[in-house]
Amino acid sequence: MATKPLVYLIGAGPGDPGLMTIKGLECLKKADIVVYDYLANPCFLAYANLDAELIYVGKKGFSKHVTQDEINELLIETAQRDGGKIVARLKGGDPFIFGRGGEEALALSEHNISFEVVPGISSGYAAPTYAGIPVTHRGITTDMAFVTGHEDPTKQTSDINWKGLATAVGTICFFMGIKNLPTITARLVENGRDENTPVALIRWGTTPRQEVLVGTLADIAEKAAQANFQAPAITLVGEAVALREKLQWFENKPLFGKSIVVTRSRAQASDLVDKLAELGAETLEFPTIRIKEPSSWTEADAAIAAIESYDWIVFTSTNGVDGFFDRLKTKEKDVRCLAQARFAAVGSTTATSLAQRGIRADYVPAEYNAEGLLEGFLEQGLNAKSKVLVSRAKEAREVLPSVLREHGVQVDVAAVYETVMGHGSASVVERFVEGDIDVVTFTSSSTVKNFMELLRAGLPKGTSASEVLKGVKIVSIGPITSQTAQELGLVVDCEAKQATIDGLVLAVAELFGKEI
């Protein structure tokens, strides 16, 4: 807890999570409270402290939204809670480039609240880059200007020097100018810019939702109206726009434009998120579960005290591996006490996690079902004289212990972690309501159950889960997860052939007919 209030005004960059600065991430990790808006990629929330309070202020240009004064008041109030909190204010782009960060900083200063400003990469040059447009290029343009496009068109006078701007700068980038596009293009032409000058509108630049519309000063406003082109977007004016035809690269990725919800816990989501993002997908984290220590260590501690008596130690998940070895360390023991045992890992990912602890799994079942498990263990020499320890979650299914006990094997179960309900994400629920989600991925039965509960709780009154999920594809990691989804009324569109993260990614690609 902070000894005094502190607010970080963090430029979260233009949208691609890879474009957040290292300092921005470091400040985010320190925060007790995170205040973010719809321009800041929700993926960044994965880097926040697991116990951090997340507050969404969905500030948006074309809908009812939280006002700037309300955001200022929220920053002051949260920073002053309980004698002082560290607050991270995530802002799209750079806080001081048309980001109203100056207003927030002034409000904090007036209340004697300490703050730091962390610059971010601006969409003014990053979005064109992802659209294949260099804002400067030898032989075409050597200068550019950043200009607000948000002036009131009914004003008698403008704060913009249109006469100087129109012809003095090679590339002009207008921020937030979609609503005023007819006025912007008209004034540039009136003040000497050739009406045939290329123009590009770039919406949600650097993200998989990126949309690009190209025209000229003479026709771009009409094209935008016909296409119903919406904010948030920048308007880029200049001859360099013509290079897009040869230089576009981002939109060629196999899963570009697909919005995919990841329902794993925030602590575990990164691998799946990274693999999908590398293929061009927009990944939206909706953490349905949270991993915590078990409410009681009694069973685990008793097993560790008698650890030399076990012939087999079985791990059913990476969390089971981590929880067991962390507890082993707490009890002042190390791997030497495991020398007599053989090890089984359910799933290749669990086996990899075990290998990272210096232990190679003796048995990795191909499938996690009763018949397959029993047959495999019998082939490994397991018999009625064997003693087995299963390291797992407190609330896990009884398939493995039950099938082994039915054949006379002595089985002890040690709960080394618990899964509890996650927090979901208000901004993701909003995307479901808007019909802007393509795929939901599930990696376990608990992610399915918790997802449905969190989604229903977050929906506006009168809106049903079945309504917002209509048209959304469901991808499952395996048969047990699929069964749970079907029991809850979901239609599973694709199931991974291998119950791994790589298998899940391949299933998503297959769903859209893509080879990776």
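Net charge dipole, the chain: roughly 320 debye, given to the nearest 20, about the Cα centre with Cβ charges of +1 for Lys and Arg and -1 for Asp and Glu. Summary of the geometry: region 13-92 and region 209-259, compared by the centres of their Cα atoms, lie 28 Å apart.
Can you show me the helix-derived [θ] at 222 nm for the chain, built from DSSP H runs with n ≥ 4 at -39,500 (n - 2.57) apiece and divided by the number of residues, rounded to the nearest 500. Spell out each step's value before the answer.
Values: 19 runs with 169 residues, N = 516.
Estimated from H runs of four or more residues: -9000 deg cm²/dmol.
If you take the Cα centroid of region 136-208 and the Cα centroid of region 411-472, the two points sit 42 Å apart.
Excluding same-chain neighbours fewer than eight residues apart, the aspartates and glutamates reachable from K258 by a Cα-Cα span under 16 Å are D16, E211, D274, E278, E282, E285, E434, D436, D438, D493, E510, E515.
Restricting to Cα pairs below 8 Å that are 6+ residues apart, what does the relative contact order work out to for region 241-319? Please round to a whole percent. RCO, region 241-319: 27 percent. One way to sum up the overall shape of region 197-323 is the equivalent ellipsoid from its Cα gyration tensor, whose semi-axes run 54, 14, 9 Å, largest first. Rolling a 1.4 Å probe across the protein heavy atoms gives the chain an accessible surface of 46 Å² per residue. If you average 1/r over every pair of different alpha-carbon atoms in region 92-233 and take one over that average, what Kirkwood value in Å do you get? After inverting the mean inverse Cα-Cα distance, the result is 16.5 Å. Measure nothing fancy, just the Cα-based angle from helix 68-79's long axis to the longest principal axis of the chain, in degrees from 0 to 90, nearest 10. The helix 68-79 is inclined about 40 degrees to the chain.
If you take the beta carbon distance between A355 and E398 as r and set R0 to 25 Å, what does 1/(1 + (r/R0)^6) give as a FRET efficiency, to the nearest 0.05? Write down the numbers at each step before the final one.
Working: r = 27 Å, r/R0 = 1.09.
With R0 = 25 Å, the Cβ-Cβ based efficiency is 0.40.
By the equivalent-ellipsoid construction on the alpha carbon gyration tensor, region 77-135 comes out with semi-axes of 31, 11, 7 Å, ordered largest to smallest.
Of the peptides 443-449, 136-142, 385-391, how do they stack up when ordered by the mean number of other Cβ atoms within 10 Å, highest first? It would help to have the intermediate numbers written out before the result.
Numbers: 443-449: 23.4, 136-142: 12.4, 385-391: 19.9.
Going by the mean number of other Cβ atoms within 10 Å, highest first, we get 443-449, 385-391, 136-142.
A simple rule links phi to the HN-Hα coupling: the Karplus curve 6.51 cos²θ - 1.76 cosθ + 1.60 with θ = phi - 60°, which for region 340-354 gives 7, 8, 9, 10, 10, 10, 7, x, 5, 5, 5, 4, 5, 4, 5 Hz, with x for Gly and Pro.
Based on the alpha carbons, how large is the Rg to Rh ratio for the chain when Rh follows Kirkwood? Don't skip to the end; give the middle numbers.
Working: Rg = 27.2 Å, Rh = 25.8 Å.
My calculation puts Rg/Rh at 1.05.
Spin-label model, R209 to R100: label points 7 Å out along the Cα-to-beta-carbon direction sit 1.8 nm apart. Sites counted here are chymotrypsin sites (Phe, Trp or Tyr not before Pro) in a DSSP loop (not H, G, I, E or B) having no more than 14 other Cβ atoms within 10 Å; the longest part of the chain that contains none of them is 250-516.
Can you tell me the orientation of helix 101-110 relative to the chain, as the angle in degrees between its alpha-carbon axis and the longest Cα principal axis, to the nearest 10? For 101-110 against the chain, the angle is about 80 degrees.
Placing pseudo-labels 7 Å out from each Cα toward the beta carbon at R456 and E278 gives an inter-label distance of 3.8 nm. For region 387-516, what log10 I(q)/I(0) values come out of the Debye formula at q = 0.16, 0.21 1/Å, with one point per alpha carbon and no solvent? Taken in order of the listed q values, log10 I(q)/I(0) reads -0.90, -1.24.
Please give the FRET efficiency for M421 paired with N196, using the beta carbon to beta carbon distance and R0 = 60 Å, rounded to the nearest 0.05. Provide the component values of the computation, followed by the final result.
On the way: r = 58 Å, r/R0 = 0.97.
Rounded to the nearest 0.05, the efficiency is 0.55.
Here r is the Cβ-Cβ distance between F512 and R138 and R0 is 35 Å; the resulting FRET efficiency, rounded to 0.05, is 0.35. In this rough spin-label picture, where each label sits 7 Å from Cα along the Cβ direction, the A227-A242 distance is 1.9 nm. Taking 18 Å as the cut-off, the amide N atoms of region 112-139 that come nearer than this to a point 7 Å along the Cα-to-beta-carbon line of W249 belong to 125-138. Residues in region 238-253 carry Karplus couplings, in order, of x, 5, 5, 4, 5, 6, 4, 4, 9, 9, 5, 9, 5, 6, 8, 6 Hz; the curve used is 6.51 cos²θ - 1.76 cosθ + 1.60 with θ = phi - 60°, and Gly or Pro positions show x.
The values are calculated or read from the model by the stated rules, or taken from the named source; none is laboratory data. This structure is a prediction, so every number in the text was calculated from the model and none was measured. With ideal geometry, Cβ positions are generated from the backbone for all residues, glycine too; neighbour counts draw on all protein chains shown. Note: accessible area is taken over every heavy atom of the protein model, side chains too, but ligands, DNA and RNA are not part of it. Shrake-Rupley method; radii C 1.70, N 1.55, O 1.52, S 1.80 Å.
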